[in-house]
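Report on the structure given below.
The values are calculated or read from the model by the stated rules, or taken from the named source; none is laboratory data. All figures in this text were calculated on a predicted structure; none of them were measured in a lab. Glycine also receives a Cβ, built like all others from the backbone with ideal geometry; neighbour counts cover every protein chain displayed. Calculation scope for accessible area: heavy atoms of the full protein, side chains included, ligands and nucleic acids excluded. Shrake-Rupley method; radii C 1.70, N 1.55, O 1.52, S 1.80 Å.
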Amino acid sequence: MHASVMKRFNTVFVLAFIGLTFCCSKCDQKDIALYEPIPFPKENPISSDKIALGERLFFDKRLSKDNSISCASCHVPSLAFSDGRKVSIGVNGGLTERNAPTLLNVGYQKTLMFDAHISSLELQAIVPIQEHVEMDMSMIDLINKLKVDSYYTREAKRLFNRTFDAYVLTRSLATFQRSLISQNAPFDRFYRDKQTNAISQSAQLGWNLFSGRLNCVSCHPPPFFTHFKAENNGLYSKYDQPDKGRFRIFNDSSDIGKFKVPSLRNIELTFPYMHDGSMRSLADVLRHYEKGGNNHPLQHPSLKPIVLSEKEKANLLAFLSTLTDTSYMVRFKKMN
Ligand code: HEC
Ligand code: HEC
């Protein structure tokens, strides 16, 4: 069976145990502002002890079949929780199909994954655990392996009043990820706090281009620099199997080549770029948009060839660098 079909099959099976529902094709697109407190499901309130439990799980290599890979192996704190690779490496050297995205501000996302099809962090956590090229664990075996850990058992009882199980595991991992927030970039001081000197003149000119003539904000609007929906940005003139984007989930031919628009926050740290990590630098990305994409038939009509002077390109790069905020690293210093 194809890996992604298998993954969906397993996921539905596990859901029966832990009482979560799939977000079907059209999710409820609520508007959530970055500068507001992080949203969370009513049944899974945030607490510092739950964040600590989730953090321990996130860095625990026992989550993988051969105890070699933790969530943090592919979501590395110092790289904004991405991993600097084109695609990631899982158990037994297996390669993922896609580039690992940042997890900063992931708690604000309305839909997860490049296919924009998973509605909650609680649900998402099951996918890498079971995926053969990532952690390759069955949930039942994993719980049996982890419930001998006295910290996990004690905290499950104290925080959830139950034995350590998939419910505790998914709620804690989700809560830890909701604590990964980055909203202290120079751009935030410029945009939110109206400090005009927070970013250079060149970056301000780059922001004017990005939000004005180039209208990059139609898909990458602040403060997240994504509208969270899947779009076709003409990365290829033809999207071959296996990765035709969101099409592979819903089989809707209008979804071919559509991938969830990535956030551009901390973009300097999340190289290489695009769902397949095929672009090594931001200069490569700008060349792609200058060309107006590769004319895929379903490419978004707003993408047309554009003319950029060297100075304008430098201004755009200066603007993109104002989206870097490493203040979140204070908590993770000793882990790198
Ligand atoms: C082997 C590498 C690997 C491991 C291990 C891994 N991930 Fe990922 N993660 C990825 C890749 C690749 C994607 C993108 C998948 C896609 O969109 O199809 C991803 C996507 C995600 C997303 C969606 C983010 C978004 O913006 O849509 C979340 C959340 C996430 N991972 C959390 C976790 C958690 C929690 C764990 C541990 C239980 C974990 N990951 C383990 C590689 C990995
Ligand atoms: C029609 C929507 C759309 C517009 C307009 C658009 N983008 Fe994108 N952008 C996307 C999508 C979709 C992706 C991811 C494509 C993929 O992974 O295959 C992306 C990816 C990127 C990335 C790489 C992000 C990463 O983490 O991999 C950067 C940087 C970027 N765009 C910058 C820009 C700039 C600069 C502009 C304006 C010139 C722009 N975009 C206009 C939809 C758009």
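Annotations for the structure displayed:
- Selection status of THR196, touching a residue at least 40 places away in the same chain (Cβ under 8 Å), under 30 Å from TYR273 (Cβ atoms) and hydroxyl-bearing (Ser, Thr, Tyr): no
- The stretch 125-144 residues that are closer than 19 Å to LEU112 by Cβ, paired with ones that are in a loop (DSSP other than H, G, I, E, B) and of a type in the set (A, V, I, L, M, F, W, C) (beta carbon under 8 Å, 6 or more apart): VAL127/MET113; PRO128/MET135; ILE129/MET135; ILE129/MET137; GLN130/MET137; GLU134/ILE69; MET135/ILE69
- Enumeration of residues in the stretch 248-268 that are of a type in the set (A, V, I, L, M, F, W, C), open to solvent by less than 50 Å² (accessible area, probe 1.4 Å) and either within 10 Å of ligand 2 (Cβ to nearest atom) or out of contact with any helix residue (DSSP H, G or I) (no Cβ under 6 Å at 6 or more places or on another chain) (or both): ILE249, PHE259, VAL261, LEU264, ILE267
- Positions within the stretch 272-311 being open to solvent by 80 Å² or more (accessible area, probe 1.4 Å) and either aromatic (Phe, Trp, Tyr) or at negative phi (or both), in sequence order: ARG280, ARG287, LYS291, PRO297, PRO301, LYS304, PRO305, VAL307, GLU310, LYS311
- Of all positions in the stretch 140-156, none carries a residue that is part of a helix (DSSP H, G or I), under 14 Å from the mean Cα position of the chain (by Cα) and either more than 23 Å from GLY245 (Cβ to Cβ) or assigned by TED's automatic domain parsing to the domain that holds ASP66 (or both).
- Residue match in the stretch 233-245 (condition: aliphatic (A, V, I, L, M), assigned to a helix (DSSP H, G or I) and out of contact with any Cys (no Cβ under 8 Å at 6 or more places or on another chain)): no
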